[in-house]
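Comments concern the structure below.
The values are calculated or read from the model by the stated rules, or taken from the named source; none is laboratory data. What you see is a predicted model, and the numbers here were worked out from it, not measured in a lab. To get the accessible areas, we keep the full protein, side chains included, count just its heavy atoms, and leave off ligands, DNA and RNA. Shrake-Rupley method; radii C 1.70, N 1.55, O 1.52, S 1.80 Å.
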Amino acid sequence: PSKQIHAAISVPKLPSIRFSVPKVPTKSLPVELNTRDGFVNTIPFEKNVIGSETRPVQESSSVAMATVQLYAILESVVDRVEIHNNVGQQRENWNALLLNSINMITLTAATMAGVTATGGAGISVLGLKLASTLLFSAATGMLVMMNKIQPSQLVEEQRNATRLFKQLQGQIETLLAIGSPSREEVKDAMEKVLALDKAYPLPLLGVMLEKFPESLEPAVWWPKTQTQKTNKQKHSNGKEESNGWTEELELEMRQVVEVIKRKDSEDYERLGNKALKMNKVLAASGPLLTGIAALGSAFMGPSNGPWAAIMAAVAGALASAVNTFEHGGQVGMVFEMYRNNAGFFK
């Protein structure tokens, strides 16, 4: 038998190479751009048919921009809440420190004048005379400044500004939590911020609110250029849709407004005008009394007898009482409270 030789040759297998062919996107370009980078649009897009063309309308970019703008406005509002709160505390300290300082100065000068009135003839009163005159003059200048700015009224302004900015902060946070803010809502929030900044200014010089107006005017802090909505709103298709108001509801609301005008608004305006008149009288009486006391202390001496010293002591004591009633009782704050309440009902 013939011998057969079997030989086998092993050839290494070549690695399989797969070519990935990009798939044709099945989604339209606006939808693909909308879902790119993990951003998912929650607002469906509409298709406006014009003739035979179909055009997708996307709102994701405008919604994203409105959200960014609302967050920027929210940061500014939170900052204003903190600023108005800090400024209110500072001005409350002003009221307490100025009240105590002026009363101490006035009472010290009145005591010096009283000591001078009890002295006999031949006693030198030059030191007491100069000291009491300087103290009464300083008290007069400080009272004029304090009555001009009305620290207690400034504190009430900052309290109201803080409260209103906190309300605006809550409204913006609600809009962001609900989602899908619009440009109109961003514009409305910005107008409210600017209106509050104008209604409750932080600086004193040049932009301070009038502390002694002719009569009480209700505080206005809302934007004056708000668009008035009608009872019927038109859709994009031209049809009119009711916004929920009916003639019966409008009649009831008119009756409520008339009750507010007759009762609440008139009461607050009447009480506010009384507080304003009282504040004017007290603000003028304090510096007048300290000025009289300064003149009386300047004429103290043996030649004029004790009457100049008695006048200085009595006027100084009265000035201290008037100052305590005005700023300790915070009459300016009471007037500002009535003005803001009248504005609330307006």
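Find how many whole Å separate the alpha carbon centroid of region 109-170 from the alpha carbon centroid of region 280-314.
Taking the Cα centre of region 109-170 as reference, the centre of region 280-314 is 15 Å away.
Which value, to two decimals, describes the C-alpha radius of gyration of region 262-331 once divided by 2.2 N^0.38 Å?
My calculation over the Cα atoms of region 262-331 gives 1.58.
Could you put THR118, THR246 in order of accessible surface area, largest first, with the 1.4 Å probe and the full protein assembly present? Spell out each step's value before the answer.
Working: THR118 115, THR246 60 Å².
In descending accessible area the options line up as THR118, THR246.
Go from 0 up to the bin containing the longest alpha carbon distance in region 147-223, width 5 Å each, and give me the % of pairs per bin.
3, 13, 21, 22, 15, 10, 8, 5, 3, 1
Leaving out ligands, DNA and RNA, and with a 1.4 Å probe, what % of the accessible surface on region 239-306 is carbon or sulfur?
Carbon and sulfur atoms account for 60 percent of the accessible area of region 239-306.
Extent of region 89-198 along each principal axis, from alpha carbon coordinates, in Å, largest to smallest?
Over region 89-198, Cα extents along the principal axes are 88, 18, 13 Å.
When the accessible area of region 134-211 is computed with all protein chains present and a 1.4 Å probe, what percentage of it is carbon and sulfur? Working shown, then result.
On the way: 2440 of 3860 Å².
Answer for region 134-211: carbon and sulfur cover 63 percent of the accessible area.
Before I look further, what does region 91-200 give for accessible area per residue, probe 1.4 Å, in whole square angstrom? Could the numbers behind the result be given before it?
Numbers: 5450 Å² over 110 residues.
Dividing the accessible area of region 91-200 by its residue count gives 50 Å².
Could you sort out which of LYS187/LYS277; LYS166/LYS187; LYS148/LYS263; LYS148/LYS198; LYS129/LYS211; LYS129/LYS274 sit more than 30 Å apart by Cα distance in this structure? Walk me through the numbers on the way to the answer.
Details: LYS187/LYS277 40 Å; LYS166/LYS187 18 Å; LYS148/LYS263 32 Å; LYS148/LYS198 20 Å; LYS129/LYS211 36 Å; LYS129/LYS274 40 Å.
Cα-Cα > 30 Å for LYS187/LYS277; LYS148/LYS263; LYS129/LYS211; LYS129/LYS274; rest within.
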